[in-house]
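The values are calculated or read from the model by the stated rules, or taken from the named source; none is laboratory data. Everything numeric in this text was worked out from a predicted model, so none of it was measured. Positions of Cβ are backbone-derived with ideal geometry, glycine not excepted, and every protein chain shown enters the neighbour counts.
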């Protein structure tokens with residue numbers, strides 16, 4: 001048996017595929033591809049698939065990850081060609097790796113966020129200048145109030161006409177997960193002006209030491 005980590009893009013209309021439906025979609029695609037997938041044993045065997053970091057509905061991504069296990073060796077090029085021949089529009093496998101990091105190693109993700117509104121750049125700068133940014137987060141223990149300010153790493157903010165394009169790095173994984181919508185909702189409330197989230201795109205996934213998840 002061999003383990004493979006497949007990096008794939010999820011864009012366009014595929015951004016509206018839920019995480020549960022994505023799992024089903026990939027199972028069907030792997031079956032159609034003819035790849036020799038490994039199934040668990042027991043009374044209810046199922047195909048071994050694992051997605052280290054779920055993606056929020058409506059968010060696009062260039063760096064989604066899926067781990068699979070094959071019963072026979074296949075080259076990365078064969079895995080890519082077979083999968084891409086059967087994947088639906090908006091899902092595209094771009095790389096096959098041998099897994100190096102564990103899911104537990106994930107600690108952050110980077111996003112490119114496109115907002116539409118009037119004079120958003122100065123408002124964004126004022127938003128980040130606050131000593132604290134309080135927001136409510138739903139957890140298994142109920143709703144908690146957290147301070148977003150120390151959790152937001154703003155890599156870039158650029159105004160293009162009535163668009164504000166942000167590069168944000170936010171906590172992700174088992175240690176804690178901050179949804180981009182928590183930041184955009186808090187910003188919209190602060191700005192007191194209509195803000196439209198035009199596009200959310202996940203671009204990178206990081207381990208705790210700042211190294212790209214591999």
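The set of residues in the range 173-195 being more than 15 Å from residue 113 (Cβ to Cβ) and either under 17 Å from the mean Cα position of the chain (by Cα) or exposed (fewer than 11 other Cβ atoms within 10 Å of the Cβ) (or both) consists of 173, 174, 175, 176, 177, 192, 194.
When the range 114-147 is limited to residues that are modelled with pLDDT of 95 or more and touching a helix residue (DSSP H, G or I) at 6+ places or on another chain (Cβ under 6 Å), the one that is surrounded by the fewest Cβ atoms within 10 Å (Cβ to Cβ) turns out to be 132.
When residue 201 is tested against the conditions (1) touching a residue at least 12 places away in the same chain (Cβ under 8 Å); (2) in a loop (DSSP other than H, G, I, E, B), the lone failure is (2). Residue check: is residue 98 closer than 30 Å to residue 151 by Cα and touching a strand residue (DSSP E or B) at 6+ places or on another chain (Cβ under 8 Å)? Judged against the criteria, residue 98 is not a match.
Yes/no per residue for (1) in contact (Cβ under 8 Å) with a residue 24 or more places away in the chain; (2) within 13 Å of residue 183 (Cα to Cα); (3) touching a strand residue (DSSP E or B) at 6+ places or on another chain (Cβ under 6 Å):
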residue	(1), (2), (3)
102	no, no, no
111	yes, yes, yes
117	yes, no, no
124	yes, yes, yes
130	yes, no, no
140	no, no, no
149	no, yes, no
155	yes, no, yes
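Which members of the range 78-96 meet the condition of being without any contact (Cβ under 8 Å) to a residue 12 or more places away in the chain and surrounded by fewer than 15 Cβ atoms within 10 Å (Cβ to Cβ)? The answer is 78, 81. No other residue among 75, 61 is surrounded by fewer than 16 Cβ atoms within 10 Å (Cβ to Cβ), modelled with pLDDT of 95 or more and either touching a strand residue (DSSP E or B) at 6+ places or on another chain (Cβ under 7 Å) or not assigned by TED's automatic domain parsing to the domain that holds residue 171 (or both) apart from 75. Within the range 162-172, can you find the residues that are surrounded by fewer than 20 Cβ atoms within 10 Å (Cβ to Cβ) and either in contact with a helix residue (DSSP H, G or I) (Cβ under 6 Å, 6 or more places away or on another chain) or in a loop (DSSP other than H, G, I, E, B) (or both)? Answer for the range 162-172, where residues must be surrounded by fewer than 20 Cβ atoms within 10 Å (Cβ to Cβ) and either in contact with a helix residue (DSSP H, G or I) (Cβ under 6 Å, 6 or more places away or on another chain) or in a loop (DSSP other than H, G, I, E, B) (or both): 162, 171.
Take residue 30 and tell me if it is assigned to a helix (DSSP H, G or I), in contact (Cβ under 8 Å) with a residue 40 or more places away in the chain and surrounded by 16 or more Cβ atoms within 10 Å (Cβ to Cβ). Judged against the criteria, residue 30 is a match.
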